[in-house]
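The values are calculated or read from the model by the stated rules, or taken from the named source; none is laboratory data. The model shown is predicted, which means the values in this text are computed figures rather than measured ones. As a convention, Cβ positions derive from the backbone with ideal geometry for all residues, glycine included, and neighbour counts pool all protein chains shown. In case anyone asks, the SASA skips ligands and DNA or RNA and just uses the protein heavy atoms, side chains included. Shrake-Rupley method; radii C 1.70, N 1.55, O 1.52, S 1.80 Å.
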Amino acid sequence: MRRTYLLWVTAAVGLAIDQGTKAIAAVAVEGHEPTTVLGGKVTFTAFRNSGAAGSFAPHATLVFTLLALCVLAFIARVAPAVRSTGWALGLGLLFAGAGGNLTDRLFRTPGFGRGAVLDFIRVGDSGIFNLADQCVTAGAALVLIQAFRGIPLRPKPTPAPTAP
C-alpha cells in the first residue's frame with residue numbers, strides 16, 4: 001500500500017510542477033524574446049510542439065494522445081500491485097510526464113486532442129523541452145534500472161502448499 005501511495009504522490013507532484021511551470025512559461029516566456037541564465041547555458045524560449053520529442057512526427061498528435069492514454073491506463077492498472085520503491089517512483093514519474101503532456105494535447109490550441117505541447121527550456125545546444133519530458137526520461141531510467149536489476153514490477157505469487 002505504501003508503494004502505491006508513493007507512486008500517486010510522485011505522479012501528482014510531478015504533474016502539478018509541470019503544469020505550474022507551463023502556466024508561468026505561457027505568460028512570462030511565450031511571445032517574448034528568449035531569456036538566458038547561468039551564463040547562457042540555459043535559455044527560456046517558448047515552442048509549441050505538436051509532435052514527440054524533437055518535433056518528431058508533428059502531424060501525429062492524435063497518435064501521441066492515444067499513446068499517452070494507454071500509458072496512463074497501464075500504470076493505473078498495475079499501481080496497486082507495485083511493491084518496489086524504484087518501480088513506484090519510476091511509474092509515478094512516467095505518469096506525471098505522460099499526464100502533463102497529455103493535458104497540453106487535450107486542452108491547448110488548436111483543439112481537444114490536437115493541442116501542441118508547450119516546450120520552453122533549452123540547455124546548451126539541446127532541443128527545447130519541458131518538465132514533463134524530464135519526468136518521462138527519469139521515470140524510464142528508473143524503470144530500466146529496476147528491470148535490469150531483476151526487480152519484478154509485481155510480487156511473484158506464492159505457490160499453494162502441496163498436500164503430503
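Going 7 Å from the Cα of residue 78 along its beta-carbon direction, which residues of region 119-155 have the amide nitrogen within less than 14 Å of the resulting point?
What the label zone holds, given the 14 Å backbone N cut-off, is 139-155.
Around residue 118, what is the net charge, scoring Lys/Arg as +1 and Asp/Glu as -1 over all other residues with Cβ under 12 Å from its Cβ?
On the way: positive: 22, 48, 105, 108; negative: 18, 30, 104, 119, 133.
Every neighbour counted, the sum reads -1.
Taking K and R as +1 and D and E as -1, what net charge do the other residues with C-beta under 11 Å from the C-beta of residue 131 add up to? Show your work: numbers first, answer last.
Working: positive: 22; negative: 18, 119, 133.
So the environment of residue 131 carries a net charge of -2.
Which value at 222 nm does the chain reach when only helices count, each DSSP H run of 4 or more adding -39,500 (n - 2.57), with the total divided by all residues and rounded to the nearest 500 deg cm²/dmol? It would help to have the intermediate numbers written out before the result.
On the way: 4 runs with 86 residues, N = 164.
Only helices count here, giving -18000 deg cm²/dmol.
Would you indicate which of [x] 1.08; [y] 1.03; [z] 0.94 is the value of Rg/Rh (Cα atoms, Kirkwood Rh) derived from the coordinates of this structure?
Label of the calculated value: [x].
Multiplying the sequence separation of residue 141 and residue 126 by 0.36 nm and subtracting their Cα-Cα distance, what value in nm do you get? Before the final figure, lay out the partial values.
Values: separation 15, 0.36 × 15 = 5.40 nm, distance 1.90 nm.
Value of the extension gain: 3.5 nm.
Would you work out what percent of the accessible area of the chain, with all protein chains in place, is carbon or sulfur (probe 1.4 Å)? It would help to have the intermediate numbers written out before the result.
Details: 6700 of 9520 Å².
Solvent-exposed carbon and sulfur of the chain make up 70 percent of the total.
Give me the number: length gained by fully extending residue 153 to residue 70, i.e. 0.36 nm times residue separation minus the C-alpha to C-alpha distance, one decimal in nm. Please report the intermediate quantities before stating the final value.
Working: separation 83, 0.36 × 83 = 29.88 nm, distance 1.76 nm.
Gain in length upon complete extension: 28.1 nm.
How far apart, in nm, are the 7 Å Cα→Cβ label points at residue 62 and residue 37?
3.9 nm
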